[in-house]
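One structure below.
The values are calculated or read from the model by the stated rules, or taken from the named source; none is laboratory data. This is a predicted model, so every value here is computed, not measured. Reconstructed Cβ throughout: ideal geometry from the backbone, glycine too, with neighbour counts over all protein chains shown. Quick note on the areas: whole protein, heavy atoms, side chains included, nothing else; ligands and nucleic acids left out. Shrake-Rupley method; radii C 1.70, N 1.55, O 1.52, S 1.80 Å.
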Amino acid sequence: MIKNIVVIGAGTMGNGIAHTFAQSGFKVNLVDVSQDALDRGLKTITTNLDRIIAKGNLTEEQKAETLGNISTFTELKEAAGSADLIVEAATENQDLKLKIFGQMDELAPANCILATNTSSISITKIAAATKRADKVIGMHFMNPVPIMKLVEIIKGYSTSKETFDAIYDMSKTLGKVPVEVNDYPGFVANRILMPMINESIETLYNGVAGVEEIDTVMKLGMAHPMGPLQLADFIGLDICLAILNVMYDGFKNPKYAPNPLLVNMVMAGKLGVKSGEGFYDYSESKKAEKVSKMFLK
């Protein structure tokens, strides 16, 4: 039975995953190399719990219990000793993930399942960095994790049925809707989403319409809650670029090649909400109310 969880990475996805497990009654060890990152992660979790309380969906006692279920560590060795499941939620960088999985395999108990929150990288390749490929699986949560219901459960080439069933069933106890997905670049969510975002950037790049116009068409015409350019800013343009590169490398199909505008924006450090500017300017508000000056007519 899965009881003790380790989450690696206290950033946006990591703290959201830790929050979700802790609120569901699991004991969570949250790990990051930086104590500052851990402190920021806990602050974010606390803020998000307060939002849930304000909506009447959580009590102060439940908030205290949730925070009490989370312990923080800067060393995986100290955190992983009694882990039943480790969820890696580090940056979307293949070399980094392979290194982390080698460490996870070395430090975790023999029966521990090793999961990755990768949004595009091959589970089979990640599993090959371990000596327990049958216990390696993908758990692709959606952002913001405490709110979004979907979890893509991705089987690698050697993932066992026992591992898959355990993670699939456990995801339901988190209040999530798990969906079984096979191991191909981008899985399902990003294989469909990222070409749409890339084509939206292409449409802007070719001067067909402006930032607000493109987003308005998709919101009002296709009933999307957020336009694709705003969504790209929310995800992070660097993350979008990384996923598109994984898909392009994996399929060798030019339809997945990232648009030059996206490449240039990432090189210039215009990454979206987290950098304060992307397709929109977030210096005064994070609600995408002001188009970035570089895209003003």
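Some points to look at:
- Selected residue (only one of I243, I197, I192, I235 is under 30 Å from L114 (Cβ atoms), loosely packed, with under 14 Cβ neighbours inside 10 Å and among the β-branched types (V, I, T)): I192
- I214 under 21 Å from I154 (Cβ atoms), part of a helix (DSSP H, G or I) and out of contact with any His (no Cβ under 7 Å at 6 or more places or on another chain): no
- Residue within the range 93-104 that is assigned to a strand (DSSP E or B), open to solvent by less than 10 Å² (accessible area, probe 1.4 Å), at pLDDT 95 or above and not aliphatic (A, V, I, L, M) present: no
- Single match in N143, N117 (criterion: out of contact with any Ser or Thr (no Cβ under 9 Å at 6 or more places or on another chain) and either β-branched (V, I, T) or touching a residue at least 40 places away in the same chain (Cβ under 8 Å) (or both)): N117
- Counted residues, the range 23-40 - those being assigned to a helix (DSSP H, G or I), without any contact (Cβ under 8 Å) to a residue 60 or more places away in the chain and open to solvent by 30 Å² or more (accessible area, probe 1.4 Å): 4
- For the range 110-210, the helices (runs of 4 or more DSSP H) that sit wholly inside it and include 1 or more residues that are not assigned by the TED database to the domain that holds Q23 are 189-205.
- Filter result for F279 (of a type in the set (A, V, I, L, M, F, W, C), within 23 Å of the chain's Cα centre (by Cα) and within 18 Å of S120 (Cβ to Cβ)): no
- Out of Y248, Y282, Y256, sole residue that is aromatic (F, W, Y), buried (at least 21 other Cβ atoms within 10 Å of the Cβ) and out of contact with any strand residue (DSSP E or B) (no Cβ under 7 Å at 6 or more places or on another chain): Y256
- Check on F234, in contact (Cβ under 8 Å) with a residue 60 or more places away in the chain and over 20 Å from P144 (Cα atoms): no
- Residue match in the range 85-98 (condition: in contact with a Leu (Cβ under 8 Å, 6 or more places away or on another chain) and of a type outside the set (A, V, I, L, M, F, W, C)): yes
Yes or no, residue by residue, for (1) closer than 23 Å to T20 by Cβ; (2) in contact with a helix residue (DSSP H, G or I) (Cβ under 6 Å, 6 or more places away or on another chain):
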| residue | (1), (2) |
| --- | --- |
| E75 | no, no |
| D105 | no, no |
| T116 | yes, yes |
| K125 | no, no |
| A129 | no, yes |
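- Within the span defined as the range 271-294, one or more residues are more than 23 Å from A89 (Cα to Cα) and part of a helix (DSSP H, G or I).
- Residue match in the range 239-251 (condition: without any contact (Cβ under 8 Å) to a residue 40 or more places away in the chain and more than 17 Å from the chain's Cα centre (by Cα)): yes
- Restricting the range 124-149 to residues that are among the polar types (S, T, N, Q) and open to solvent by 30 Å² or more (accessible area, probe 1.4 Å), the residue that is modelled with the highest pLDDT: T124
- Any hit, the range 36-56, residues being more than 24 Å from K172 (Cα to Cα), among the charged types (D, E, K, R) and at pLDDT below 95: no
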